[in-house]
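Report on one structure; see the data block that follows.
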Amino acid sequence: MKLVDSHSHLFLDEFQSDLQQVMAHAQAAGVTHIFMPNIDSTTIEPMLRVCSEYKGYCFPMMGLHPTSVNADYKKELAIVSEHLAMPNDYVAIGEIGLDYYWKENEPKEVQKRIFLEQIDLAKQFDLPVIIHDRDAHGDMLELFQKEVHGVQAVFHCFSGSLEMAKELAKRGYYFGFGGTSTYKNAQKVREVMQYIPKELLLFETDSPYLTPVPFRG
């Protein structure tokens, strides 16, 4: 079986001591492509280094993660825009979105504004977007219903309701699933997985995060 890991952070420090072994294991398991979203400006260089070392196997994505949005967001977005204008074979804008889980994150309206600015970048560079949506399902769905148009999207680690999934699937958006689908309390996620048409279903590790059962933690 040929596999694509649609979302991985293999460039982070957790993997640098044994990255070659990890890549060898992935290739032996039939993984043919790995897509890598940066998180903020500090992770761009390590991401590009790994994608360059494994060119044609690992592919870079570029964006500002909602948990990295802070007072310097204008500077961060300028860096994102500058990199997108360079010939680095970026395959998507991401990961971008809304994260209401962490209380120290920027206010909701600030997150929404920066998210929409990156949607505009996706239109400018004709790239799909990789969506991070944590505890923000209502606002994210409303944005896609009312304000986000003209872009393709992948909903990374989808955890919304079946009703939300049906609305998004009608628009032809993609859904990423990984380790969370194995959690005991993730029956809702498994229900959505059963509903999603195969052509819209993606698999991801989000490594080093969201390790599946029985290796969780």
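In this structure, is Glu104 over 16 Å from Leu64 (Cα atoms) and either exposed (fewer than 14 other Cβ atoms within 10 Å of the Cβ) or not basic (Lys, Arg) (or both)? Judged against the criteria, Glu104 is a match.
Val129 meets each of the listed conditions (1) within 16 Å of Leu64 (Cβ to Cβ); (2) surrounded by fewer than 21 Cβ atoms within 10 Å (Cβ to Cβ); (3) of a type outside the set (S, T, N, Q) apart from (2). Among the conditions (1) free of Cβ contacts under 8 Å to residues at least 40 places away in the same chain; (2) surrounded by 12 or more Cβ atoms within 10 Å (Cβ to Cβ); (3) not in a helix (DSSP H, G or I), the only one that Glu95 does not satisfy is (1). Looking across Lys55, Lys103, Lys112, Lys2, one residue alone is of a type outside the set (Gly, Ala, Ser) and in contact with a Gly (Cβ under 7 Å, 6 or more places away or on another chain). It is Lys2.
Every condition in (1) closer than 17 Å to His156 by Cβ; (2) modelled with pLDDT of 95 or more holds for Val110 except the one numbered (1).
Just checking, does the range 167-174 include any residue being in contact with a Pro (Cβ under 9 Å, 6 or more places away or on another chain), open to solvent by less than 50 Å² (accessible area, probe 1.4 Å) and among the hydrophobic types (A, V, I, L, M, F, W, C)? Yes, the range 167-174 has at least one match. Restricted to the range 107-116, and to residues there that are in contact with a strand residue (DSSP E or B) (Cβ under 9 Å, 6 or more places away or on another chain) and of a type outside the set (A, V, I, L, M, F, W, C), the residue that is most open to solvent (accessible area, probe 1.4 Å) is Lys108. Filtered by the rule that a residue be open to solvent by less than 20 Å² (accessible area, probe 1.4 Å) and not small (Gly, Ala, Ser), the range 134-150 gives Met140, Leu143, Phe144, Val148.
Scanning the range 49-65 for residues that are touching a His at 6+ places or on another chain (Cβ under 8 Å) and in contact (Cβ under 8 Å) with a residue 60 or more places away in the chain gives a single hit, His65. Taking the conditions (1) in contact with a strand residue (DSSP E or B) (Cβ under 7 Å, 6 or more places away or on another chain); (2) farther than 25 Å from Val91 by Cα; (3) not β-branched (Val, Ile, Thr) in turn, Tyr174 satisfies each one other than (2).
Counting the residues of the range 174-217 that are over 22 Å from Lys2 (Cα atoms) and of a type in the set (Phe, Trp, Tyr) gives 4. For first residues located in the range 14-34 and more than 13 Å from Thr205 (Cβ to Cβ), partners that are among the β-branched types (Val, Ile, Thr) and open to solvent by 30 Å² or more (accessible area, probe 1.4 Å) and lie 6+ apart or on another chain with Cβ distances below 8 Å form the pairs Thr32/Val4. From the list Ser207, Ser159, Ser181, the lone residue that is among the polar types (S, T, N, Q), closer than 28 Å to Asp89 by Cβ and either touching a Leu at 6+ places or on another chain (Cβ under 8 Å) or free of Cβ contacts under 8 Å to residues at least 40 places away in the same chain (or both) is Ser207. When the range 1-13 is filtered for residues that are within 22 Å of Leu201 (Cα to Cα) and in contact with a strand residue (DSSP E or B) (Cβ under 7 Å, 6 or more places away or on another chain), the ones remaining, listed by number, are Lys2, Leu3, Val4, Asp5, Ser6, His7, Ser8, His9, Leu10.
The values are calculated or read from the model by the stated rules, or taken from the named source; none is laboratory data. Predicted, not measured: the structure shown is a model, and the values here were computed from it. Note that each Cβ is placed from the backbone with ideal geometry, even for glycine, and that neighbours are counted across all protein chains shown. Side chains included, ligands, DNA and RNA excluded: accessible areas come from the protein's heavy atoms. Shrake-Rupley method; radii C 1.70, N 1.55, O 1.52, S 1.80 Å.
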